[in-house]
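Trainee: Below: one structure in structure tokens.
The values are calculated or read from the model by the stated rules, or taken from the named source; none is laboratory data. Model, not experiment: these values are computed from the prediction. Positions of Cβ are generated from backbone atoms using ideal geometry, with glycine treated the same way; all protein chains shown enter the neighbour counts. Protein only, heavy atoms only, side chains kept; ligands, DNA and RNA dropped before computing areas. Shrake-Rupley method; radii C 1.70, N 1.55, O 1.52, S 1.80 Å.
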Amino acid sequence: MSDDPRDPLDAEQWARVQQLFHAASALPADAWGAYLAEETAGEPSLCATVRAMLTEDALRGSLLDGGLAATAHAVLSDDHAHLPMETAFGPYRLLRQIGEGGMAVVYLAERADLGSSAAVKLLHDPWLSPARRERFASEQRTLAQLNHPGIAHLYDAGVLPDGTQWIAMEYVDGESLTEYCRTHALGLDARLQLFREVCDAVQHAHGHLVVHRDLKPSNILVTHAGHVKLLDFGIAKQLDPADSELSPTKTGLQLMTPAYASPEQLRGETTGVYTDVYALGVVLYEMLAGTLPFDIAGRTPGESEMLILTAEPVRPSVAARGTTQGADANTASWADLDVLCFTAMHREASRRYRTVDALIRDIDHYRRKEPLEARPDSTTYRLGKFVRRHRGALTASIGVLSILLVTGVVSAARIRTARDAAVVEADRAQRIQHFTLSLFAGGAESSEPGDSLRAVTLVERGVVEAATLGAEPVVQAELYQTLGSIFQKLGQLDRADTLLQQALRSRRRLAADHPDVARSLVALGLLRVEQSRLPEAEQLVRDGLALSQRVRPAGHLDVAVATTALGRVLEERATYADAITVMREALRLHTAIAPVSPDVVTAATQLGNDLFYAGEYDRADSLFRHSMTVAQALYGDRHPLVADALINMGAVRFQRADYAAAERLDRDGLQIMQFVYGTEDPRTASALTMLGRALVAQTRFSEAVPLVKQALAIQERVYGNVSPKVASTVNELGIIALREKQFDDADAYFARNTDIYRAVFKRPHNLLATALANRGSVFSARGDNVQAERYFREAVAVFSQTVAPTHVDIGIARVKLGRVLLRQRRFADAERESEAGLAILTSQMSPGASWVKNARSDLVQVYDSLGRSAKAAAMRVAQADTLLKR
């Protein structure tokens, strides 16, 4: 090994570094020096390298999550760019450095405007590859979706002027899990409660397709309030295709902790949910026994691996004897804890708890003195449980015992019935657990590691797995509906359609009047909305709601969800008065169930949308703000529901002609959407369209065109060519073409919009009226006022059937109609339309809005032409007052 620590290492040298690191990491920190001095005699550079990596690995609560290669690079390089303390960027000001690794430096920072602290992680730039940058961005997107009180939250992210990426996360001030148990002398039940919190957080991550792979007490802190916080989720490494170079199925170095590593990790095999289950078993063992199941201190990596793969650990009940929490370790109840640990830690992954949720259930069973699912269901075992749970009653008197014996015959039949039902349910749960496990386990051996964990690949694999459950129709239908909903979110509407219909058919065959049938009807109805099949959507959702109301009690969540779905359909069909009534009821139902919940956010947003389309902007804005407040309380500032609220508030500003404010809100919303979903998602496309619209209104066409065209490409790919979402984006391209006097292109865009809306809605709709008015604007700009008048009159007629008489869109359409009548010198008709339009606009817009100024200018000409000099003079004064107040 070279004396220069910056020289590259060959494979043999890397193997030596790994061997020494793993061996030393199993020793106490105060033994590292002696061990390395003996093993690296005459190789000071090697000793320094391994010692530095051990120091990095020991950083408490590290957020660095760097691979071994990255950590070693940090040790061997001298080009770290550290920021001076008090540096400020965004809302954060650095206070002190709290950690450093091969890929990043971590600082404690404060956010003065909120009076809060954060841990800010900055990437070292010089040696980061594009793949690593993409991995970092992907990690941010995934972290944004992990919202759980037991997981350190992601607050913010950005890029410094020099290109350095950074993320701000929750700063956790606490002790490691085992240290907290020791210093607070926690009893057995308190330790189990803490462990259950850990499991709940890990289960949440698994529900988002995230496997931790490095669970250990130093990555689990307990706050001063006594709650756990999981750190160091290697998110991008596990599930993002951009990180296939670091996949566990490829040969390479991994910085893992051998004492907590599962057998499959040690063998270099594929990891999955079961890997985290194993690590949780080791953590539980250590919490109970006060020691690790395998003593690998002083052993070489090979010896450690052999011990873990072949030896049988001492039972926790034996290891815990003599400790505070193990004072009663020789009792029968501790036998269940032995079962808990050893089931989670089983050497064969297929013999472990299938999911963390199964482990949680047995923790709960133990604490309630109930039989464990992992324990053989023997008569002696169940009787022992019964006796321990009812010891007082059984020892009260012989008389009571006799009564119990007599009634036991009757009770036994009931117990058997309940047990049989439980067995069926447990078997069904096991099938679902196996299904979940198989998704994480990876595909064929020949598949690329990255590809095997892509979201679409996982869902497709799920469809194959679900097809094998023909003997379990209830489970199969549930999985089909879940998978169909996921395909819908991914924009694959045809696949979603097939699966949701399969779920509905299966459920109807089982029981036509079952709540599950109602859920399927509603889910399929909402898919029909995205497919622009609105009459069918309304019928499906109404049927689902009616069924839920029949079979569910009043106020049930299913009824509230179906009511929200009906409101969504009515909104799409532009029956806003009915939609408002329905959504008020939906919001009432959801608020009664849980006032701070995602359902309340959704209901408030939809009601706000309906009021917005009805022209009630103040009330709409109030609801959008309420939905944002609830979403922030649930998820923080960087969540898609917060983005929706920002964009909706931007739409209100746009309608009031405050285009700069609309742009700011739209940009904030778009940033969150891209942060969470990436650049090719239809939700991102909708945000791009809204931002483009605000830019168009400010005549910043060169900025708007690329955004709008990007949005259109995404939407056409997802929704096809005939969709209101596509039409909304096409509309912006038409406005740009019109403003740039490309009249043929503009008319083609607006004609396409008209055709889409007629095909989709098949009846009067406010969006159709907008498209007609825009076609009229093209003819007006060409000087063809007769044709323009025809389109404007048709637009006003359609608006009058779909929105309130004082809606701003009617005001704009009448002002446009008044102008083309003025140009035809039909002054009396022009006066009527312009005055009516101005009256609507002045109640909705600021005096300086362009449409208000246009209407006043036209009326000055009309009054002059009609010889109404007093009215003309008054209108000129109003115009002048507006200019003076600007």
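Trainee: Calculate how large, on average over all directions, the projected area of the Cα convex hull of segment 796-861 is; give the answer in nm² to one decimal.
Mentor: 4.0 nm²
Trainee: Now for a separate question. Calculated FRET efficiency, residue 147 and residue 700, Cβ-Cβ r, R0 35 Å, to nearest 0.05?
Mentor: 0.50
Trainee: Mind running the shape call on segment 655-715? Use the C-alpha gyration tensor, a ≥ b ≥ c as the square roots of the eigenvalues: rounded below 1.5 for a/c, prolate if a/b tops b/c, oblate otherwise.
Mentor: oblate
Trainee: I would also like to ask the following. Sort 620-633, 275-288 by the packing proxy (mean of other Cβ within 10 Å over each peptide's residues), most packed first.
Mentor: Answer by packing, highest mean first, reads 275-288, 620-633.
Trainee: Can I ask one more? Listed highest first by mean packing, meaning other Cβ atoms within 10 Å per residue, what order do 544-555, 865-876 come in?
Mentor: 544-555, 865-876
Trainee: Heavy atoms only, probe 1.4 angstrom, no DNA, RNA or ligands counted: give me 578, 338, 809 ranked by accessible area, highest first.
Mentor: Result, largest first: 578, 809, 338.
Trainee: Keeping all protein chains in place and using 1.4 angstrom, which order do 334, 851, 32 fall into by accessible surface area, from largest down?
Mentor: Largest accessible area first, the residues go 851, 32, 334.
Trainee: I want to make sure I understand the PRE zone here: with the label point 7 angstrom from the Cα of residue 853 toward its beta carbon, which residues in segment 710-753 have backbone N atoms less than 19 Å away?
Mentor: 739-740
Trainee: Any idea what the relative contact order of segment 477-535 is, in percent, if you count C-alpha pairs under 8 Å spaced at least 6 apart?
Mentor: 32 percent
Trainee: With a 1.4 Å probe and all protein chains kept in place, how much accessible area does residue 853 have, in Å² rounded to the nearest 10?
Mentor: Solvent-accessible area, nearest 10 Å²: 60 Å².
Trainee: Another question, if that's okay. Accessible surface of residue 782 in the full protein assembly, 1.4 angstrom probe, to the nearest 10 Å²?
Mentor: Counting only protein heavy atoms, the figure is 100 Å².
Trainee: Tell me which GluC sites (Glu not before Pro) from segment 706-794 have a DSSP coil assignment and no more than 16 other beta carbons within 10 Å of their own.
Mentor: Those satisfying the criteria are 740.
Trainee: Kindly rank 745-752, 33-40 from highest to lowest mean number of other beta carbons found within 10 Å of each residue.
Mentor: Listed from highest to lowest mean packing, they are 745-752, 33-40.
Trainee: How far apart, in nanometres, would the label points at residue 865 and residue 183 be if each is projected 7 angstrom from Cα along the Cα-to-Cβ direction?
Mentor: Calculated label separation equals 8.4 nm.
Trainee: Express in whole angstrom the spacing between the alpha-carbon centres of segment 173-191 and segment 702-747.
Mentor: Using only Cα atoms to place each centre, the spacing works out to 59 Å.
Trainee: Now for a different question. Return a whole-number percent for the relative contact order of segment 176-236, with Cα pairs under 8 Å and 6 or more residues apart as the contact set.
Mentor: 40 percent.
Trainee: Average the reciprocal distances over every distinct pair of alpha-carbons in segment 528-625, invert the result, and give the Kirkwood radius in Å.
Mentor: Hydrodynamic radius (Kirkwood, Cα only) of segment 528-625 equals 13.4 Å.
Trainee: What whole number of Å gives the distance from the Cα centroid of segment 762-832 to the Cα centroid of segment 271-311?
Mentor: Rounded to whole Å, the Cα centres lie 75 Å apart.
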